[in-house]
1. Using the 10 angstrom Cβ neighbour count as an exposure proxy, how do 79, 15, 336 rank, fewest first?
2. Take the Cα of residue 18, step 7 Å along the line toward its Cβ, and report every residue of the stretch 55-89 whose backbone nitrogen sits under 12 Å from that point.
3. Spelling out what I want: for every residue of the stretch 190-202, take phi, set θ = phi - 60°, compute 6.51 cos²θ - 1.76 cosθ + 1.60 (Karplus), and round to whole Hz; glycine and proline get x.
4. Taking amide H positions as placed 1.01 Å from N in the peptide plane, with prolines and chain starts having none, which residues 5 or more places from residue 524, or on another chain, fall under 5 Å of its amide H?
5. Under a straight-distance cross-link criterion of Cα-Cα below 17 Å, which lysines are reachable from residue 468, leaving out those fewer than 8 residues away in the same chain?
6. Check the straight Cα-Cα distances from residue 19 and name the lysines below 23 Å, setting aside those fewer than 8 residues away within the same chain.
7. Which residues' amide hydrogens lie under 5 Å from the amide hydrogen of residue 81, considering only partners 5 or more residues apart or on another chain, with H built in the peptide plane?
8. For a footprinting-style exposure proxy, rank 50, 194, 84, 18 by other Cβ within 10 Å, fewest first.
Amino acid sequence: MAASIPSDVATLQISRIVKGDNPRRYFSRRKHDELVVSIGLRGVLQPIIVRPAPDGSDLFAIVLGERRWRAAREVFGASGSIPVIIREMSDQEALEAAIDENDIRDDASETEQADAAVRVLAACKNDRAEAVRRLGWSTSKLARRLALAELCEPVKCALDERRIKIGHAELLAVIPVDKQEKALDTILKAGLDVSKTRDLLMRVTQNLGAACFDKTECTACPFNSTTQHVLFETHVEDGFCTNPGCFDLKMQAAELTRTDLQAQTSVQVQADVGASRADGDEGHDDEDKITSAACDQEAMAQAGGNIGIETPAAGPPETPARAVIAPVARDKAAVSATSIAARTIELREAMWRTALARTLAANPAHAQAAILIAAMSGTLSQIKPETLTSRSGVLVGPEFPGLDYQAKIAQILALAPARAANILSIIGAAYAKDVQAFAHVAHLARTFEVDVRDIWQVDQAFLERYTKDELMFIAQECGLITHIGPKAFAKLLAGKKSELLVAMLNRPGFSWAGRLPAAMTLDGQYGPPPEEETPLKESSIAA
């Protein structure tokens, strides 16, 4: 039966009034007792605002004035009456009115406002501008309240009951939810003020500046103290991560990638150094060979039919030739980018796989795209089972490997979104390492603009694999011979190979940083340092 609203009635029996949708959870017992005394002496002086109950009964739900209703019920009992103002209001209008009243009151809880703001934002279909308009708040206030909405219930309750201050809550809001209750217990048991709580939090933060992983994802992360600085008045120093679990996971992933890279590189270097020594390091006719190295590109184009180079039928003159690596007998008199690349396949592929893996490990969106591509192309199964199962204890939790299947489902579903995203990133990285066709790696690397120079540069281990003829070619394409002059390099070439390597790597005024030999690129073109505007043209090597 719908509630009747007599227009000439300004009072209602307390038994016909029920609690409304008040965002407030906490009511001070001391202030309640004071209000009971006041109402006992003078009655309810200010009418409360009610609306017809949404369930269609003959009851009325409180919009504003729950504290007065509670105290009057204690004074007069359910049969007593109190003054009311009855209004027709929708659920949303009632909620916004209650938020507005609680916002004005100086004893309103920030977390009560936060939970109410979440509901208003949902009603606005996540349109923050509309939520700000309805609430009458600033954009920054809404952002602060929404951040506080992520607090666990015990922390919210502690702030509601004034057992902690807003500064405590702001500091606790920037650590993972599963760690907040334990931190709260420490604060309450030790009686820590806000300043000491901040000092305690600083001890468990991680310095992002010292991290060895890609920190692009960290820029807008809520656990980045720089982001917290924008939101809260109370925060730790800028440039720190307040989520040790996520930080450690990224560090472990980076370490696993680095270890894999070192193992692969070590095996390849040992094999290639042995092959290089077997070739011999006899002397050469120095300056004649250096001069001829500058002409290798033209000679490669002319000899295309012999080494598998395909020249495009049409296109502008500057279009580089495309080449396909084919098994070729090494000719010491005809060293080229293609012949060197044929001996560098394993190292090149290992480096690009690692570079792609790191990119995917640091970018959940790219990793998710790679996983979807792999699944839809039928290659996701190429990830080796042991690649992930052997690390599940690190990625999910130490007890995860020993759980039964149903328990594993439950634990995965309970993962925090950020941790689940990190695990997806690791799966994407595993695909980059395990997928059989390197062409897939090359296509993904191009799509996500991966740069192998982020993890690799010319060093002694790389140069040791080559003969003097090949070292001369690398020195020519990378600009070292131009830097020191053909005659000076000819003298170095005439000496021992070990001395040549030392001289190449330690030439004053010359840096190998950012220089990518054609044999290590995906397209077979020499990659100059970023500051060089005009790269040398080289033949292309198909991935």
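Bear in mind that the values in this text are calculations on the coordinates, not laboratory data. A quick note: this is a predicted structure, and the numbers were derived from the prediction, not measured. Glycine also receives a Cβ, built like all others from the backbone with ideal geometry; neighbour counts cover every protein chain displayed.
1. Details: 79 8, 15 13, 336 26.
Fewest-to-most Cβ neighbours within 10 Å comes out as 79, 15, 336.
2. 55-62, by backbone N distance to the label point.
3. 8, x, 6, 7, 4, 4, 5, 5, 4, 4, 5, 5, 4
4. Excluding prolines and chain starts, which carry no amide H, the hits are 541.
5. Cross-link targets: 289, 332, 487, 491, 496, 497.
6. 31, 156
7. Here 14 satisfy the definition.
8. Values: 50 28, 194 17, 84 21, 18 14.
Final ranking by Cβ density, sparse to dense: 18, 194, 84, 50.
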